[in-house]
1. Sort Leu246, Leu136 so that the residue with the fewest other Cβ atoms within 10 Å of its own Cβ comes first and the one with the most comes last.
2. I'd like the Karplus ³J(HN,Hα) series for region 121-134: coefficients 6.51, -1.76, 1.60, θ = phi - 60°, whole numbers in Hz, and an x wherever there's a Gly or Pro.
3. Below 11 angstrom from the Cβ of Trp180, what's the summed charge of the other residues (Lys, Arg +1; Asp, Glu -1)?
4. Give, to the nearest whole percent, the P(r) tail of region 114-202 beyond 17 angstrom, counting all Cα pairs.
5. Taking every DSSP beta bridge that has both residues in the chain, what percent is antiparallel when rounded to the nearest 5?
6. Let me know the charge dipole size of the chain about its Cα centre in debye, to the nearest 20, where only the beta-carbon of Lys, Arg (+1) and Asp, Glu (-1) is charged.
7. Amide H to amide H under 5 Å from Arg208: which residues, 5+ apart in sequence or cross-chain, H placed 1.01 Å off N in plane?
8. Run the quick spin-label model on Leu215 and Asn168: label points 7 Å from Cα toward the beta carbon, then report their separation in nm to one decimal.
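Just so it is clear, none of the values below were taken in a lab; they were calculated from the coordinates. All values reported here derive from a predicted model rather than from experimental measurement. Positions of Cβ are generated from backbone atoms using ideal geometry, with glycine treated the same way; all protein chains shown enter the neighbour counts.
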Amino acid sequence: MVFVNCKKPERLLGLFICRIPESIPCAMQQTAEFYFHGSLNDFLRSKKRKVWFSYTFSGHQTVKDMIEAIAVPHAEIREVLVNGKAVSFSHRLQREDRVEVYPYDGREELLLQGIGDLKFVLDVLLGTLAKSLRMLGFDTLYENTFTDKAIAGIAEAEQRIVLTRDVNLLKNKIIPIGYWLRSQHTEEQLAEVIRRFRLVDHIKPFTRCMVCNGLIVAVPKDAVLEQLPPKTRLYFEEFYQCTNCLRVYWKGSHYERMQELIKRQLGENW
Ligand SMILES: [Zn+2]
């Protein structure tokens, strides 16, 4: 008879106390080998990058549970192979299985299958990135009061892509598509998102309000005259207005700075 308890080293059994030496492995624990490819290594500690390593697990965990316990969110994973065969996230591993985990690197078109419009929802730390994406015309939800639960709920209900600096947020299984921003700098983050979701062909600069995400349309000067500062009335003739919050836009110095940003991102053809 073997007395095993995975959590406690000793256990009262009738009148006897069974003490399990640490050298005897728990009967429920097993080991599988993992290898993460490409950009998934960004989530791993250096000694686990681009090498096979062992992971000890108990029988009830799915392969998704294990991959996320190791550190990699499911939202960044294209495919999982177990002993060379593709499996779903709900697959349960066996002892000594060999698991290879692949990112979308170079296969980004697969990432967007099943998603209609390129719509985003951002975590509370990404206000500047939200403005930049809106400036390029992308439907981008952002509030600095959003909870993680609210972001995941919006992503599921509206099929929005989650952008975040919080790896744990991307482990929420209801999030359909997400991306963990590697950089902490807005322009680099914008470049990452453009590359990851192949946004270049979908950019429509200055069609969306940077403040509220509403659509902006051209309006006659007379219609917004009362909202304009004196010098703007004098020097500008072309105006746009948000159909949601009614904020007025014109092509002043801010517009030129935005154009420079777009050129830096997309090249001189813009
Ligand atoms: Zn607006």
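1. Exposure proxy ranking, most exposed first: Leu246, Leu136.
2. 3J(HN,Hα) across region 121-134, in whole Hz: 9, 10, 6, 5, 8, 10, x, 5, 5, 4, 4, 5, 5, 5.
3. -1
4. 41 percent
5. Taking every DSSP beta bridge with both residues in the chain, the antiparallel ones total about 65 percent.
6. About 580 debye.
7. Gly137, Ile216
8. 4.0 nm
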